[in-house]
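A.B. asks: This is the structure I want to talk about, given as structure tokens.
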Amino acid sequence: MSSPASLSTAINRLWTPRLALGGCVRGVMGRDTRGAALAETQRFNHFPATPMVTISWWLSGTSERLAPGAAADLAAPRTPAPAAILLGPQGRPTVSWNPGEVHSLTLVLAPDALQLLTGLDPGAWVNRWAAAADVLPLDWLAMGQSVMTAPDDDTRVGLMQDFLEPRWQSARPASAFGFTRWRDWTQALALRAGMSATGRSVRQVERRIKQWTGQPLRELRGAGRSEQAFFEAVLAHGNGSLQWADVAASAGYSDQSHLCRETRRVSGFAPEELRRRIRGDETFWPYRVWR
């Protein structure tokens with residue numbers, strides 16, 4: 001568990017999962033702006049494209065989602081989100097906005113784990129979202145209700161993990177591995193698919209991975225490169241040695257131009273602009289909690 005961290009007076013937190021939930025949960029993100037002096041433009045939330053599935057609960061306040069690809073503009077049309085929402089894997093960056101103060105928690109799950117635990121097909125949820133009450137099983141909704149009424153965030157995260165742990169231990173494949181990076185998870189999926197007795201050709205492996213995650217293997221590998229570049233850039237900047245060509249080579253890109261194209265696809269911004277915004281823009285808090 002991390003300590004609260006803030007750029008202004010907003011509190012952003014990340015809880016890492018128990019070892020028993022390796023391969024299932026990537027983490028839980030918390031956001032609390034109650035009492036924070038945020039301007040309207042600081043109440044946007046920028047999220048990168050992600051192969052993960054998320055379930056979010058708004059314990060206080062509300063959220064409104066902008067159309068896919070829309071820029072963070074107060075004049076942009078927005079759709080109110082329900083108090084509990086399921087988001088499938090997102091192939092493009094997304095933006096939301098909070099009309100006022102907000103207190104939220106977001107559970108980040110591997111898409112193949114969600115499929116094993118709920119039967120939901122992640123491929124049917126790529127670039128989609130829905131009210132949790134419309135799609136999740138009743139026991140998941142009961143867990144969500146207990147999260148909404150718990151006395152504090154540490155208790156809420158504990159309730160999530162207490163709910164998931166026995167179910168994951170029962171449903172998890174024997175070859176499932178824990179992960180701390182998307183690249184690790186993708187490699188574990190490829191190994192698990194290759195070990196399947198139902199076929200081990202490259203095409204069969206790729207088809208199996210898309211069935212489990214809803215996304216092609218090449219996109220998952222691209223997400224892994226992008227995340228690796230993010231952490232490489234944070235480390236290099238901290239050492240005073242940030243060179244984007246070096247970051248591109250270390251993360252597995254063919255060249256710096258390849259890195260720039262992929263960073264724009266995942267985040268909507270060029271690498272240096274993204275780095276600057278992560279450091280100084282309140283609305284990029286989702287990136288900062290993973291550093």
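The values are calculated or read from the model by the stated rules, or taken from the named source; none is laboratory data. No experiment lies behind these values; they were computed from the predicted model shown. Here the Cβ positions follow ideal geometry from the backbone for every residue, glycine too, while neighbour counts run over all protein chains shown.
A.B. asks: State whether the residues of region 39-48 include one that is touching a residue at least 24 places away in the same chain (Cβ under 8 Å), acidic (Asp, Glu) and not in a strand (DSSP E or B).
C.D. replies: yes
A.B. asks: Give me the residue from region 201-215 that is surrounded by 14 or more Cβ atoms within 10 Å (Cβ to Cβ) and hydrophobic (A, V, I, L, M, F, W, C) and, out of that set, modelled with the lowest pLDDT.
C.D. replies: Selected residue: 205.
A.B. asks: Could I ask something else about it? Name, by its number, the condition in (1) closer than 20 Å to residue 263 by Cβ; (2) surrounded by 15 or more Cβ atoms within 10 Å (Cβ to Cβ); (3) modelled with pLDDT under 85 that does not hold for residue 218.
C.D. replies: (2)
A.B. asks: Something else now. Quick one: how many residues across region 38-69 are more than 26 Å from residue 269 (Cβ to Cβ) and either of a type in the set (Gly, Ala, Ser) or under 17 Å from the mean Cα position of the chain (by Cα) (or both)?
C.D. replies: 5
A.B. asks: Turning to a different aspect of this structure: Restricting to region 9-38, name every residue that is small (Gly, Ala, Ser) and either free of Cβ contacts under 8 Å to residues at least 12 places away in the same chain or out of contact with any helix residue (DSSP H, G or I) (no Cβ under 6 Å at 6 or more places or on another chain) (or both).
C.D. replies: Matches in region 9-38: 10, 22, 23, 27, 35, 36, 37.
A.B. asks: Name the residue that is modelled with the lowest pLDDT, counting only residues in region 1-33 that are closer than 15 Å to residue 285 by Cβ, part of a strand (DSSP E or B) and among the β-branched types (Val, Ile, Thr).
C.D. replies: Among those that are closer than 15 Å to residue 285 by Cβ, part of a strand (DSSP E or B) and among the β-branched types (Val, Ile, Thr), it is 11.
A.B. asks: Among the residues of region 268-290, is there at least one that is under 15 Å from residue 228 (Cα atoms), at pLDDT below 90 and surrounded by fewer than 20 Cβ atoms within 10 Å (Cβ to Cβ)?
C.D. replies: So far as region 268-290 goes, yes, one or more of its residues are under 15 Å from residue 228 (Cα atoms), at pLDDT below 90 and surrounded by fewer than 20 Cβ atoms within 10 Å (Cβ to Cβ).
A.B. asks: Please specify each residue of region 264-273 satisfying the condition of being touching a residue at least 24 places away in the same chain (Cβ under 8 Å) and under 14 Å from residue 46 (Cα atoms).
C.D. replies: 265, 266, 267, 268
A.B. asks: Out of the residues in region 34-43 that are small (Gly, Ala, Ser) and on the phi < 0 side of the Ramachandran plot, which is modelled with the lowest pLDDT?
C.D. replies: By that ranking, first place goes to 37.
A.B. asks: Still on this structure, I have one more. Can you confirm whether region 240-256 contains a residue that is in a loop (DSSP other than H, G, I, E, B), buried (at least 19 other Cβ atoms within 10 Å of the Cβ) and touching a Lys or Arg at 6+ places or on another chain (Cβ under 8 Å)?
C.D. replies: For region 240-256, residues in a loop (DSSP other than H, G, I, E, B), buried (at least 19 other Cβ atoms within 10 Å of the Cβ) and touching a Lys or Arg at 6+ places or on another chain (Cβ under 8 Å): present.
A.B. asks: Of all strands (runs of 3 or more DSSP E) completely enclosed by region 58-168, which ones contain at least 2 residues that are free of Cβ contacts under 8 Å to residues at least 60 places away in the same chain and touching a strand residue (DSSP E or B) at 6+ places or on another chain (Cβ under 9 Å)?
C.D. replies: So the answer is 64-66, 78-80, 84-87, 94-97, 129-131.
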